[in-house]
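Notes for the one structure printed next.
The values are calculated or read from the model by the stated rules, or taken from the named source; none is laboratory data. Here the structure is a predicted model, which is why all the values come from computation and not from measurement. Backbone-built Cβ (ideal geometry, glycine too); neighbour counts: all protein chains shown.
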Amino acid sequence: MNTQKIITMLTVVALALAGQLSAAENSKPLAVSKSKPNIILVLTDDMAWGELGMSGNPKIKTPNIDRLSKESLRFTNFNVAPTCAPSRAQIMSGKHEFSVGVTHTILDRMNLRDDITILPQIMKQGGYQTGMVGKWHLSEPGHKTGLTGKPLEPHRRGFDTAIYTFNQLGRFNPTLSHNGKNSKYEGYCGDVVFDEGIKWMESCSKEKPYFAYLATSIPHTPLAAPQRYKDLYSGAKLKNNEKNYYAMISAVDENIGKLMTWMASRKDDRETILIFMTDNGHAISGPDGAGHSRDGRLKKNGLYNFGFRGGKTQSWRGATCVPFLIRWPGVTTSNTENNTLASGMDILPTFAEIAGVGIDDLGVQGVSLLPDIKGEKSNVTKDRLLFSHVGRWNASDLMETYKYRYAAIFNNRYRLTWGEKGHPELKDYLNDREEEKDITSEHPELVQRFKQEYEKWWEAAKTGMVNDLHQLKTGKIKRRKGGD
């Protein structure tokens with residue numbers, strides 16, 4: 001450890017012992033550039049708590065993620081959006097996805113509004129080298145600029161290097177855009193994301209920290225994996241597509257192991273934060289039409305959902321509560337849990353604080369989780385409310401019709417959900433994990449308050465739905481065709 005780091009650490013310790021730092025000051029990042037940690041954020045696609053061995057799944061094989069979990073701080077109430085692009089919008093903006101124009105996973109309604117500052121731009125302000133590999137899913141192919149004429153592509157929005165596709169990667173030998181130029185990469189898509197990510201990190205200057213965003217497109221459909229991963233489930237009582245699904249997850253796991261081995265071989269391993277998370281809950285359609293029924297209950301098949309009700313595109317907790325593992329040697333305590341009500345919106349303010357970048361003027365809706373990560377008093381208040389909505393209305397002129405369809409508002413214990421037909425039910429999800437018992441009649445005042453808060457949120461959120469509002473204004477309504 002260099003002299004400057006030792007001096008900085010001793011200074012902080014001395015001030016803390018003297019009682020001269022408030023809780024807020026304790027959470028401020030170190031100002032010296034070299035003291036800032038590298039950050040690796042791994043985001044997987046369409047897997048959740050149930051797809052991990054550490055969660056009790058009796059069939060899945062994820063030894064490397066399970067090991068990472070034991071070495072990490074686990075956020076057990078971390079929530080994202082119920083579908084892919086909206087969750088990515090939360091991560092990149094620090095705001096609810098509707099506030100930044102993302103109300104769908106297709107069409108121009110997945111375009112992240114171009115007039116906001118996003119995560120890689122903030123990290124660059126903090127002196128970070130920035131790179132991403134994998135699934136971008138925040139701008140439509142062919143849309144290089146947004147509604148105000150500013151760039152939409154990741155390599156023009158703060159990433160020094162972006163090797164990406166707009167949506168799904170081809171499963172084998174995928175073609176990706178490298179800073180706007182298409183190139184074919186040999187191998188399985190999951191391997192390519194991690195291999196290219198490691199290559200980029202190896203190319204980074206050691207004089208500055210780096211931020212690497214590795215966004216796999218698996219185990220999202222189409223379901224396909226190399227035979228070596230399928231062989232892991234040759235004796236399991238699973239349908240063929242379920243085996244493919246689990247094989248893809250094991251592919252992710254093997255690459256997590258490869259990444260951790262690479263990190264351990266480097267001298268800066270102890271100065272690198274590794275985060276593993278997923279973009280939404282268990283996929284409702286699932287392999288062979290498996291997954292959940294429309295009422296959110298898991299069908300009888302080879303899958304497992306950690307006791308949650310619901311999955312991707314729905315309003316129950318299984319749609320939004322996802323794994324969030326963070327390993328920061330010397331800061332986080334291994335194999336511990338934090339039950340703070342956290343959100344994908346919190347990633348940007350957390351990273352900004354680590355990077356030493358002020359964001360007071362950005363209107364960010366998330367809060368920094370750095371105190372939680374460091375074991376200090378949380379910034380998250382007990383009365384925090386989070387809002388979930390699947391979006392995905394067929395066309396922009398149907399916004400109000402879909403106002404309550406698969407929507408939810410929740411705090412750190414209760415969740416008011418509107419299902420497919422928009423009927424509200426209140427659940428105590430901490431004591432009723434499967435969200436079976438409707439307790440609306442037992443808590444009428446809470447239900448009323450939740451409804452009022454939801455109404456206020458909806459009216460405010462509509463002003464940010466710039467892509468829908470543009471369609472309504474111009475009369476060029478785009479309707480969804482087929483599935484997505």
**Report entry** Test result for Glu202, touching a residue at least 60 places away in the same chain (Cβ under 8 Å) and out of contact with any Lys or Arg (no Cβ under 7 Å at 6 or more places or on another chain)
**Finding:** no
Query raised in the report: Does His443 qualify as being of a type outside the set (Gly, Ala, Ser), in contact (Cβ under 8 Å) with a residue 40 or more places away in the chain and either surrounded by 12 or more Cβ atoms within 10 Å (Cβ to Cβ) or assigned by TED's automatic domain parsing to the domain that holds Asn77 (or both)?
Result: no
Query raised in the report: Among the residues of region 62-80, which ones are touching a Gly at 6+ places or on another chain (Cβ under 7 Å) and within 18 Å of Thr216 (Cα to Cα)?
Result: Thr62, Asn64, Val80
Query raised in the report: Only one of Asp114, Asp46 is acidic (Asp, Glu), buried (at least 24 other Cβ atoms within 10 Å of the Cβ) and part of a loop (DSSP other than H, G, I, E, B); which?
Result: Asp46
Query - Residues satisfying the stated conditions in region 327-352, i.e. surrounded by fewer than 24 Cβ atoms within 10 Å (Cβ to Cβ) and more than 30 Å from Tyr404 (Cβ to Cβ) - result: Arg327, Trp328, Pro329, Gly330, Val331, Thr332, Thr333, Ser334, Asn335, Thr336, Glu337, Asn338
Query raised in the report: Does Thr350 satisfy the condition of being among the β-branched types (Val, Ile, Thr), free of Cβ contacts under 8 Å to residues at least 24 places away in the same chain and not assigned by TED's automatic domain parsing to the domain that holds Ile275?
Result: no
Query raised in the report: Does region 56-64 contain any residue that is buried (at least 23 other Cβ atoms within 10 Å of the Cβ) and among the charged types (D, E, K, R)?
Result: no
Query raised in the report: How many of the residues making up region 92-137 are aliphatic (A, V, I, L, M) and over 24 Å from Asn255 (Cβ atoms)?
Result: 9
Report summary line: Scanning region 394-409 residue by residue, those within 19 Å of Gly310 (Cα to Cα), in contact (Cβ under 8 Å) with a residue 60 or more places away in the chain and not hydroxyl-bearing (Ser, Thr, Tyr) turn out to be Ala407, Ala408
Query raised in the report: Which residues, taken from region 426-438, are in contact with a Phe, Trp or Tyr (Cβ under 8 Å, 6 or more places away or on another chain), at pLDDT 95 or above and either in the same structural domain as Leu341 (by TED's automatic domain parsing) or farther than 20 Å from Ala81 by Cβ (or both)?
Result: Leu426, Asp428
Query raised in the report: Of the numbered conditions (1) outside the structural domain of Thr76 (by TED's automatic domain parsing); (2) in contact with a Phe, Trp or Tyr (Cβ under 9 Å, 6 or more places away or on another chain), Leu369 satisfies every one except a single condition; which is it?
Result: (1)
Report task. Please identify the pairs in which a residue from region 245-268 that is assigned by TED's automatic domain parsing to the domain that holds Ser72 has its Cβ atom under 6 Å from the Cβ atom of a residue that is among the aliphatic types (A, V, I, L, M) and outside any helix (DSSP H, G or I), counting only partners at least 6 apart or on another chain. Result -> Tyr245/Leu223; Tyr246/Ile60; Ala247/Ala225; Met248/Ile218; Met248/Ala225; Ile249/Met47; Ala251/Ala225
Requested in this report: Could you look through region 187-238, keep only residues that are part of a loop (DSSP other than H, G, I, E, B) and of a type in the set (D, E, K, R), and pick out the one that is modelled with the lowest pLDDT?
Outcome: Lys237
Query - Any chance Gly158 is out of contact with any strand residue (DSSP E or B) (no Cβ under 9 Å at 6 or more places or on another chain), in a loop (DSSP other than H, G, I, E, B) and farther than 25 Å from Gln471 by Cβ - result: no
